[in-house]
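S.K.: Starting off with a structure, shown below.
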Amino acid sequence: MTLEISLEDDRWNAVAFEALAERSISTALDHFGLDPEECEISLLACDDARIADLNAEFRDKPTPTNVLSWPADDLAAEEPGGTPLPPEADFTGEISLGDVAIAYETCAREADEAGKPLADHLSHLLVHGVLHLLGYDHIRDPDATVMEALEVEILGKLGIDDPYTESGSL
């Protein structure tokens, strides 16, 4: 897998960010039958200030958020709850999926509030970001149901409890 990581906030090192990102993203890609070795993702591990700037620039929301994604291609299903189009390789055989950014303070605060390990919450948000790159979304209710079910399945493969149950709620 070509995983280009820009680590802008050293606090991510406390959770072994690179290894955790590789494991979480590879598991998500494997779930869809995609060979991680053929996929390319850029990942920015930043702080709240940086993600607030990105959120303002790209979504007109000048506040921090936990994760942002920029898919390389629009793969979204037209029908609510439908399956997105599969990503396609370029002429080199590589599948460019897009970019993901994740903010330390927001992620750490959410994990603390939910009483869960930061590494587990980070894995959840990375899987969430990859699903966005693959065309999944949660704006429409049927799409949210599909996306949450996929997150639960993939996180289960990582040994992480369902984040949407009362004991694992966000």
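Quick note: the coordinates plus some simple rules give every number you see, no bench work behind them. Model, not experiment: these values are computed from the prediction. Cβ coordinates were reconstructed from backbone atoms using ideal geometry, including for glycine residues, and neighbour counts include every protein chain displayed.
S.K.: Size of the chain along its principal axes in angstrom, Cα-based, largest extent first?
M.R.: Reported extents, whole Å, longest axis first: 40, 33, 33.
S.K.: Would you calculate a helix-derived [θ] at 222 nm for the chain, using -39,500 (n - 2.57) for each DSSP H run of n ≥ 4 and dividing by the full residue count, to the nearest 500?
M.R.: The helix contribution divided over the chain gives -13500 deg cm²/dmol.
S.K.: Kindly rank 52-62, 32-42 from highest to lowest mean number of other beta carbons found within 10 Å of each residue. The partial results should precede the final answer.
M.R.: Details: 52-62: 13.0, 32-42: 16.1.
Per-residue Cβ counts within 10 Å, averaged per peptide and sorted highest first, yield 32-42, 52-62.
S.K.: Once fully extended, how much extra length lies between residue 59 and residue 4, figured as 0.36 nm per residue of separation less the alpha-carbon to alpha-carbon distance? Please list the in-between numbers first.
M.R.: Details: separation 55, 0.36 × 55 = 19.80 nm, distance 2.33 nm.
My answer for the length gained is 17.5 nm.
S.K.: Show me, for region 52-68, the HN-Hα J-couplings you get by feeding each phi into the Karplus relation (A = 6.51, B = -1.76, C = 1.60, θ = phi - 60°), rounded to Hz, glycine and proline as x.
M.R.: With the stated coefficients, region 52-68 comes to 5, 4, 5, 5, 5, 5, 9, 10, 6, 10, x, 10, x, 9, 7, 8, 10 Hz.
S.K.: For the residue pair residue 85 and residue 38, what label-to-label distance in nm results when each label sits 7 Å from Cα along the Cα-to-beta-carbon direction?
M.R.: 1.7 nm
S.K.: While we're on this one: Can you compute the modelled spin-label distance between residue 164 and residue 49, with each label point 7 Å from Cα toward Cβ, in nm?
M.R.: 3.6 nm
S.K.: Please compute the length gained on full extension between residue 153 and residue 73, using 0.36 nm multiplied by the number of residues separating them and subtracting their Cα-Cα distance. Please report the intermediate quantities before stating the final value.
M.R.: Numbers: separation 80, 0.36 × 80 = 28.80 nm, distance 2.41 nm.
Length gained between residue 153 and residue 73: 26.4 nm.
S.K.: Separate question: Which cross-chain or sequence-distant (5 or more) residues have an amide H under 5 Å from the amide H of residue 96, H modelled 1.01 Å from N in plane?
M.R.: Distant-sequence amide H within range of residue 96: 40, 90.
S.K.: Let me ask you something else. Around residue 44, which amide H atoms from residues at least 5 apart in sequence, or from another chain, sit under 5 Å from its own amide H, with H modelled in the peptide plane?
M.R.: 6, 100, 101, 102
S.K.: Which of the listed residues, 102, 138, 118, is farthest toward the dipole's positive end in the chain, when Lys, Arg count +1 and Asp, Glu count -1 at the beta-carbon?
M.R.: The listed residue farthest towards the positive side: 118.
S.K.: In percent, what relative contact order does region 2-168 have, based on Cα pairs under 8 Å that are 6 or more apart in sequence? Don't skip to the end; give the middle numbers.
M.R.: Working: 276 pairs, mean separation 42.4, N = 167.
Reported relative contact order: 25 percent.
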